[in-house]
Amino acid sequence: MTYYKSITNEYRHIAKKYTSKSETAKISEPIMYENRMYYCIVYYSTFLGIPKNDMCGRLIVDDNFEAVTDKFLLRELNKFFYYSSIFFGYEIVDIGKAIKSDAEMKRDEEDYNDAYRVLDYIYINKEVKEAQNVKDVFETYFNTRVETNDALKHFDNRIKGYKNNNAICSKEIIEELLDLYRDILVKNFEQVKKLNAGADYYDAVKRETKKIKRLTKLKLDTKFQISATKLYDLLSFAMNLLSYYGEVINYSTNQYTQYYISKEDERIQEEYNKIRN
């Protein structure tokens, strides 16, 4: 679903009034706020008639085709349009792509089980004690992934329910979805923190896994080599993910929540600063 569309005829005049040279405009889906309908018009610079990706201006208008000027109302609506574009448009986040089907989760489970067999081999035959620690971490991590995926499905179903019923977005809908959205962010963070419990063990296990991959290739033990490759990839994924989070991974859940909210507030303020009136 595209959240911002071509300007409708009734809003073309007010959009043009605030358009600068070499710009094009689009209009959002509506938001209902205190029994009034509001729209957000966004402006993009163009080059040779082609819109650039970065939005350069915003205008919030009411159902009388007039620009909103009240500062408190602008801040409220700007915030709701920010979240509405996330929940009901694919421009920022495609929620559906984050969800794994039952078949995909089953394949992931099989990949982890294959990796566990290699970890057992490394622990018993190579006496790399860290392998057992990594197995414990991966088992816990995968279980939390299932919980997060279920939460994403519930969230996506709520959004689809509103879309299928052609519901007009409102303050109440945004607040309901925002609670679910932030709950998922917390679940995802706690999930990654499970991986962090194995941070001190990944290097040793990865080195041994690399050796096994090389030896099994020479011995033509294809099945075990595939399992070792899966383990190597899972270790690389865990290490890269922790590197991406950096020091944030050491935050408490409450600290992370406040950190993320502050980042969202910054983005909302950036969009507010682009409002024209």
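The values are calculated or read from the model by the stated rules, or taken from the named source; none is laboratory data. These figures come from a predicted structure and were not determined experimentally. Reconstructed Cβ throughout: ideal geometry from the backbone, glycine too, with neighbour counts over all protein chains shown.
Out of curiosity, is Ile27 within 23 Å of Tyr162 (Cβ to Cβ), among the β-branched types (Val, Ile, Thr), crowded, with 16+ Cβ neighbours inside 10 Å and touching a residue at least 40 places away in the same chain (Cβ under 8 Å)?
So Ile27 does not fit the description; no.
Whether any residue in region 191-198 is under 21 Å from Met37 (Cβ atoms) and surrounded by fewer than 19 Cβ atoms within 10 Å (Cβ to Cβ) is what I want to check.
Among the residues of region 191-198, not one is under 21 Å from Met37 (Cβ atoms) and surrounded by fewer than 19 Cβ atoms within 10 Å (Cβ to Cβ), which makes the answer no.
Considering only residues that are without any contact (Cβ under 8 Å) to a residue 40 or more places away in the chain and under 19 Å from the mean Cα position of the chain (by Cα), which ones fall in region 226-250?
Phe237, Asn240, Ser243, Tyr244, Gly246, Val248
Please verify whether Ile168 is crowded, with 17+ Cβ neighbours inside 10 Å and either in contact (Cβ under 8 Å) with a residue 24 or more places away in the chain or in contact with a strand residue (DSSP E or B) (Cβ under 8 Å, 6 or more places away or on another chain) (or both), treating the condition exactly as stated.
For Ile168, the condition - crowded, with 17+ Cβ neighbours inside 10 Å and either in contact (Cβ under 8 Å) with a residue 24 or more places away in the chain or in contact with a strand residue (DSSP E or B) (Cβ under 8 Å, 6 or more places away or on another chain) (or both) - is not met.
Out of (1) closer than 27 Å to Glu139 by Cβ; (2) surrounded by 16 or more Cβ atoms within 10 Å (Cβ to Cβ); (3) at pLDDT 95 or above, the odd one out for Ile174 is which?
Of the numbered conditions (1) closer than 27 Å to Glu139 by Cβ; (2) surrounded by 16 or more Cβ atoms within 10 Å (Cβ to Cβ); (3) at pLDDT 95 or above, the odd one out for Ile174 is (1).
Condition check: in contact (Cβ under 8 Å) with a residue 24 or more places away in the chain and more than 19 Å from the chain's Cα centre (by Cα). Does Asn188 satisfy that?
no
Right, Lys100: touching a helix residue (DSSP H, G or I) at 6+ places or on another chain (Cβ under 7 Å), of a type in the set (D, E, K, R) and closer than 27 Å to Tyr201 by Cβ or not?
Spelling it out, Lys100 is indeed touching a helix residue (DSSP H, G or I) at 6+ places or on another chain (Cβ under 7 Å), of a type in the set (D, E, K, R) and closer than 27 Å to Tyr201 by Cβ.
Restricting region 218-274 to residues that are touching a helix residue (DSSP H, G or I) at 6+ places or on another chain (Cβ under 7 Å) and of a type in the set (Gly, Ala, Ser), which is nearest to Glu208 (Cα to Cα)?
The selected residue is Ala228.
Please return the ranges of helices (runs of 4 or more DSSP H) entirely within region 164-277 where 2 or more residues are among the hydroxyl-bearing types (Ser, Thr, Tyr).
Passing ranges, in order: 202-218, 222-245, 253-272.
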